[in-house]
Structure formats: structure tokens, C-alpha cells
1. For a test of the definition: using alpha carbon positions, the gyration tensor, and the 1.5 limit on a/c, classify region 1-54 as rounded, prolate or oblate.
2. Between Leu13 and Tyr57, what length in nm is gained on full extension when 0.36 nm per residue of separation is reduced by their alpha carbon distance?
3. Tell me which lysines have Cα within less than 26 Å of Lys183's Cα, excluding those fewer than 8 residues away on the same chain?
4. To the nearest 10 Å², what's Ser168's accessible area with a 1.4 Å probe?
5. Rank these by accessible area, largest first, 1.4 Å probe: Glu132, Glu7.
Amino acid sequence: METSDAEAVERTLAGERDAYRVLVERHSRNVFRMAYRMTGNRQDAEEVVQEAFLRAYQKLRQFGGQANFGTWVYRIAANYSIDRLRARNAEQSRRQMPSGPQEDGLEIDPMVNAKDMAPSPERLAASAQLAEKMKEALEALSPAERTAIVMRHWEGCAIEEIAAVLKSNTNATKNTVFRAVAKLRKALGPYTGRMGAAQAMGSES
């Protein structure tokens, strides 16, 4: 039978280090995906994953099985991603974006992929251009806005969970999500058209 998260945590606390590897292998992909969206490149995302699981391991006794481990380590990673974004923004007010699409940045997102099974070359080119503009638009958001949009519209997190990461209340978090969506729609509008932008970002709530 597959080891549950709770059992893996208990075994880790009992001194079985291999048990923690189960948790890392089970949840690292989701954490990496979020970190990649947040930081915009693979190197930073990998560091976020490593640091998040290290911090989770060090604080495992504080966890105590009172919440879902996947959610817990996800929040640790999100907070660390915010810290990295703020540090990066402090060092470099405006980061130079790579000229080629998908180069050390966000991969073409599912929301900009054509739904056709065999998209035309023109449509593929438009998707690549939109992905590049999405990277630029995300870079222009504040760390809080970027966290909110990634967690809400890419990861499907509840407002309450986002608020916990941002250390804010639900109303303020909703406003942050709304503000981030509005900025992205404005930035992407010329490249997607009115309907395309709406489909890309979804609802503000």
C-alpha cells in the first residue's frame, strides 16, 4: 500500500530519512510548477524547491500533521518565492527579458495554447508571441500580485489559501487578484483581442 503523507511524516520524525524522500517525490512537481511560474526561470525554481523542502524538514515537528503536508510545503515555497522576487527586484529594478520565447522563462502556458489538435503555423507563432508577452507582463507585477495570479489562476488555490501566504485578509487578497488580472489583461489585450484576453485570464473572483 502507498504510504500516506501522515505516515511518512511520522516515520520521518521517528528517524527514517527515507520516509521524507517519499514526501519530496510526491509533492516536488507541484511545488516546482508554482515556483517556476513565480520566479520565471528554472534555476530559481529549483532553488525554491530545495529550500522549501529543507525548511519543511527542519520545521517538521511544528507541522505535527495538523494540515495537509502538500499544502503546507506549498505555502513555504510560495513565501520563499516572494522573498526571492523582492530581493531580485531590489537588486535590479527592471530585468532584461530574453529575446527568444521559452528561453529561461515561463514555458508556453496551457492558457495560450490553441485547442486545435493541429494548429496552423500562424497560430503557433501567435501563441509563442503571447507567451513572451505574458512573461513580460508577469515580470511587471509586484511580488504580491504575481503570487496572487499564479496561485489563483494557474494553481486554482482558494482565496483563503492565497491570503494566508500573503499574510492578508480575504477582501484585500481579492483586490490583489483583481488588480493583477486587470494589469495582465491590459498588457495582453493588443495580442489576444478582447475575447482572447478574457479566456486567458478567466474571472477575477
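1. Taking the square roots of the gyration eigenvalues as a ≥ b ≥ c, region 1-54 is prolate.
2. That pair, Leu13 and Tyr57, stretches by 14.9 nm at full extension.
3. Candidates past the 8-residue exclusion: Lys115, Lys133, Lys135, Lys167, Lys174.
4. 50 Å²
5. Largest accessible area first, the residues go Glu7, Glu132.
The values are calculated or read from the model by the stated rules, or taken from the named source; none is laboratory data. Note that the coordinates shown come from a computational prediction; the quantities given were computed from them, not determined experimentally. What goes into the accessible areas is simple: the full protein's heavy atoms, side chains included, and nothing from ligands, DNA or RNA. Shrake-Rupley method; radii C 1.70, N 1.55, O 1.52, S 1.80 Å.
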